[in-house]
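Single-structure report; data block below.
The values are calculated or read from the model by the stated rules, or taken from the named source; none is laboratory data. The structure presented is a predicted model; accordingly, all values stated were derived computationally and were not measured. Because the Cβ atoms are built from the backbone with ideal geometry, glycine has one as well, and the counts that use them run over all protein chains shown. Protein only, heavy atoms only, side chains kept; ligands, DNA and RNA dropped before computing areas. Shrake-Rupley method; radii C 1.70, N 1.55, O 1.52, S 1.80 Å.
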Number of protein chains: 2
Amino acid sequence: VEAGDSARLVDLLEPLHAADVADILEQIRAGERAALLRLWGREIDGDILSEIDESIREEVIESLAPDVLADAVRELDSDDVVDILEDLEEPAQARILGALDREDRAAVEQSLSYPEYSAGRLMQREVVSAPLHWTVGETIDFLRSEEWLPDQFYHVILVDPRMKPIGYVTLGRILSARRDVRLSDLAEESFRVIAATEAEADVAYIFTQYHLISLPVTDQAGRLVGVITIDDAMSVLDEEHEEDMLRMAGVGEESSLSDGVWDTVRQRFPWLAVNLVTANISALVIGMFENTIAVIVALAALMPIVASMGGNAGTQSLTVAVRALATRDLTASNAKRVVWRELVVGLLNGVGFAVVMGLVAWAFYGRDVWLGAVIGAAIVVNLVVAALSGVLIPLVLHRLKLDPALASGTFVMTLTDVVGFFAFLGLATMVLL
Amino acid sequence: VEAGDSARLVDLLEPLHAADVADILEQIRAGERAALLRLWGREIDGDILSEIDESIREEVIESLAPDVLADAVRELDSDDVVDILEDLEEPAQARILGALDREDRAAVEQSLSYPEYSAGRLMQREVVSAPLHWTVGETIDFLRSEEWLPDQFYHVILVDPRMKPIGYVTLGRILSARRDVRLSDLAEESFRVIAATEAEADVAYIFTQYHLISLPVTDQAGRLVGVITIDDAMSVLDEEHEEDMLRMAGVGEESSLSDGVWDTVRQRFPWLAVNLVTANISALVIGMFENTIAVIVALAALMPIVASMGGNAGTQSLTVAVRALATRDLTASNAKRVVWRELVVGLLNGVGFAVVMGLVAWAFYGRDVWLGAVIGAAIVVNLVVAALSGVLIPLVLHRLKLDPALASGTFVMTLTDVVGFFAFLGLATMVLL
């Protein structure tokens, strides 16, 4: 198809959903992408632009003719425009802002004035609101007369005369009520708003916790300035998860499959460097016991078992804790109980595996029953440390207002390595020499 | 408050959202929970029941008076009843089914007839549909006359005379159109349905990929049998993420903070046992080189560095690959390119860290420049193996229709340990002895 047959290309791509076209653009190689955009660039619309992954969006935008770009951007709701603008460099931003109508530009610029990753950046400015005293009939007549309605809306937000949101009515209820019913009688029982300066992560939490479909956003004075819809909240949730996973693994959180080799090397290098330093600390610990190892070489073979069991148990506790902090199931009120539970679990698993491994070591590595006792004791110590650090490290990071996912993996692994080697070799030195 | 003052308790809990009440029940200790339920059990409603975590739901349900339970269940939509029933034992299931009206019971039983984790289990049976030829006015009159409408609905689904869904109209469009406009003229451009037997994970994917709010569900004959709404899809997405994270860490995917000590021990034991076996394999590899270590003891201190760098790099590749498979960004069409990228990244990072670590080893651990060369070469080998296995293992598991998150972490760590020790000690034996 890359043979230059642009008519065929249009036929092939035309029936696809914007999200699928974006996926195709992401999956092909950079050279192919440039060729495709040359042939097909004029067909790119706003929906495709907002679906494309950030890592290649700038490349795509630069390749577009100015009039195509202007048309594409003009058809989007303000939140999608903001989403696109956020990741662009200055000149490209200015070009897109220039393509907008004055009113839309003002709306987008105000959204951009809120901090990054805030509710203000997520919201769309197109809000359907109505005074509390309106009837269903008045509301329907109003909606029929308006032309600027957003693509998707699910509620009419009730506001007082000073534009403060005070409740909302689902469209389903409006449609199923008689024309003379007042909106105030149809309002949902539970109603929540969020300040524009609140963090994205809080938005995602509120949506999942209370099963919302849309959430009104207010400014400092408590006036309605926008609304966040569930599809945006779902994207945030998805991104938060991705960040947690990638951060725990020490991969740059912006990493994407369409990144090139150099970007990928640059993202992964820092945490590997940290790991090199921490691994050298473990090596120093082992080095302290070189004389012991020289006498009983079997210790060298057995010591990674102690470290590895600790690393594994630590990762288990850590993952559960990071996840629970993200979903806010782990809070100050149950932290003590969870830490205690981890401690007991670590102890029980530790004793279990200590017995098994002690017997294995005794049977296969030395005729000395004390070797088994030493490795067993070291495993108990290391599994308890692993369980505790797996939950305490993310809790402390969280208390310090840092992301609990960030690098906790490296901390826990280092700690379990150091403790594992030290406990095993230290005990061996005392007992076996 | 646990002093038995049930009036105060009602005052305190009454204004809270069901989700928050459920969180309180989850966070307190089991004994407190029983006391709270004794005092306050009669106030538990359906919303609270469906918010409670599965791990304690059975306990709560058993404590409720039969009439309270019946009232609670009757007010829920069919999908929420199914969600509650799924996790209960036979007798409790029968009790709840018995509390339902005949019609609701039939709906719930049919949903339960679909396989677990299928679209059929997620859907609610209460669907708002209309024939294609209706006008806006007819639809509004119909909605005003019906009483059984679901709590939340966002679309009217258009059906042909044989109940096959052929499109849908958002409520916003119905509200903003004149009464004489035909529904068929308001239908959304893109329209998707899903078969009731499809997997939950596909449902979540379709919702995120196409930004849907609701998705009609069809039976084998293609007839409309229910609808899945975005809040359910969002829960599925959340659960899928949780499963991926917990599985990668080798924690039972059902694990929850409210689990007791024994449940937690039982969940974590199996993967620790697997790890014990694989760690012993690494120990055997080291054991093969005991004579080498006996001569150059510094090798014992340095060898965990090689393994740890590999483990870290492998986890990085693995996390990116598992995540990309979950979001379907990694497919057959770009797998080759991604594997190639990982290979090159592994090689480049490997060479970088090999030089650094080679110099460190030469300077601090031996006067022999060859020791530095050996550890450098082993790091390059291990980082390439780590990068490749990190992406190939989940790809193979995926091809075999297994969950790529399941245990890939253990596989990758074992491989990088074995390869790391073997490459380092093997090269050392050849070069240094």
Quiz item: Mind checking which pairs have a first residue in segment B:128-141 that is within 14 Å of chain A (Cβ to nearest Cβ) and a second that is open to solvent by less than 30 Å² (accessible area, probe 1.4 Å) and of a type in the set (S, T, N, Q), Cβ under 6 Å, 6 or more apart or different chains?
Solution: B:Ala130/B:Thr139
Practice problem: Considering every residue within segment B:367-385, establish whether at least one is modelled with pLDDT under 95, assigned to a helix (DSSP H, G or I), under 24 Å from A:Ile305 (Cα atoms) and open to solvent by 10 Å² or more (accessible area, probe 1.4 Å). | Solution: no
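For (1) touching a Gly at 6+ places or on another chain (Cβ under 9 Å); (2) free of Cβ contacts under 8 Å to residues at least 40 places away in the same chain, each residue gets a yes or a no:
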| residue | (1), (2) |
| --- | --- |
| A:Leu149 | yes, yes |
| A:Arg173 | no, yes |
| A:Arg178 | yes, no |
| A:Leu183 | yes, no |
| A:Arg192 | no, yes |
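Sort through B:Asp160, B:Asp219, B:Asp151, B:Asp180 and tell me the only one that's out of contact with any helix residue (DSSP H, G or I) (no Cβ under 8 Å at 6 or more places or on another chain) and closer than 30 Å to A:Asp141 by Cβ.
That would be B:Asp151, the only listed residue that is out of contact with any helix residue (DSSP H, G or I) (no Cβ under 8 Å at 6 or more places or on another chain) and closer than 30 Å to A:Asp141 by Cβ.
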Exercise. Output the residues belonging to segment A:195-220 that are surrounded by fewer than 23 Cβ atoms within 10 Å (Cβ to Cβ) and among the β-branched types (Val, Ile, Thr).
Key: A:Thr197, A:Ile206, A:Thr208, A:Ile213, A:Thr218
Quiz prompt | Residues located in segment B:285-297, provided they are under 12 Å from A:Ala294 (Cβ atoms) and more than 7 Å from chain A (Cβ to nearest Cβ) | solution = B:Val295, B:Ile296
Exercise. Please enumerate the residues belonging to segment A:337-365 that are within 20 Å of B:Arg266 (Cβ to Cβ), surrounded by fewer than 17 Cβ atoms within 10 Å (Cβ to Cβ) and aromatic (Phe, Trp, Tyr).
Key: A:Trp340
Quiz item: Only one of B:Glu103, B:Glu126, B:Glu109, B:Glu116 is among the acidic types (Asp, Glu) and surrounded by 16 or more Cβ atoms within 10 Å (Cβ to Cβ); which?
Solution: B:Glu126
Exercise. Only residues in segment A:366-385 that are outside the structural domain of A:Phe421 (by TED's automatic domain parsing) count as the first member; pair them with residues that are open to solvent by less than 10 Å² (accessible area, probe 1.4 Å), Cβ under 6 angstrom, at least 6 apart or cross-chain, and list the lot.
Key: none
Self-check item: Contacts under 7 angstrom Cβ, first residue in segment A:340-355 being facing chain B (nearest Cβ under 9 Å) and touching a residue at least 40 places away in the same chain (Cβ under 8 Å), partner open to solvent by less than 10 Å² (accessible area, probe 1.4 Å) and polar (S, T, N, Q), 6 or more apart
Solution: A:Glu342/A:Ser317; A:Val345/B:Thr264
Quiz item: For segment B:390-406, which residues satisfy the criterion of being open to solvent by 10 Å² or more (accessible area, probe 1.4 Å) and in contact with a helix residue (DSSP H, G or I) (Cβ under 8 Å, 6 or more places away or on another chain)?
Solution: B:Leu392, B:Ile393, B:Leu395, B:Leu397, B:His398, B:Asp403, B:Pro404, B:Leu406
Quiz prompt | The lone exception for A:Arg33 - which of (1) open to solvent by less than 40 Å² (accessible area, probe 1.4 Å); (2) without any contact (Cβ under 8 Å) to a residue 24 or more places away in the chain; (3) charged (D, E, K, R) it fails | solution = (2)
Self-check item: segment B:152-176: number of residues that are at the interface with another protein chain (Cβ under 10 Å from one of its Cβ atoms) and either touching a Lys or Arg at 6+ places or on another chain (Cβ under 8 Å) or surrounded by fewer than 17 Cβ atoms within 10 Å (Cβ to Cβ) (or both)
Solution: 2
Self-check item: Among the candidates B:Ala324, B:Ala313, residue that is closer than 18 Å to A:Met413 by Cβ and at the interface with chain A (Cβ under 8 Å from one of its Cβ atoms)
Solution: B:Ala313
Quiz item: Can you tell me which residues in segment B:386-413 are modelled with pLDDT of 90 or more and either within 21 Å of B:Leu371 (Cα to Cα) or among the polar types (S, T, N, Q) (or both)?
Solution: B:Ser389
Quiz item: So is A:Asp67 farther than 27 Å from A:Val261 by Cα and of a type in the set (D, E, K, R) or not?
Solution: yes
Practice problem: Look at segment B:111-127 and say how many of its residues are touching a residue at least 40 places away in the same chain (Cβ under 8 Å) and out of contact with any strand residue (DSSP E or B) (no Cβ under 7 Å at 6 or more places or on another chain). | Solution: 5
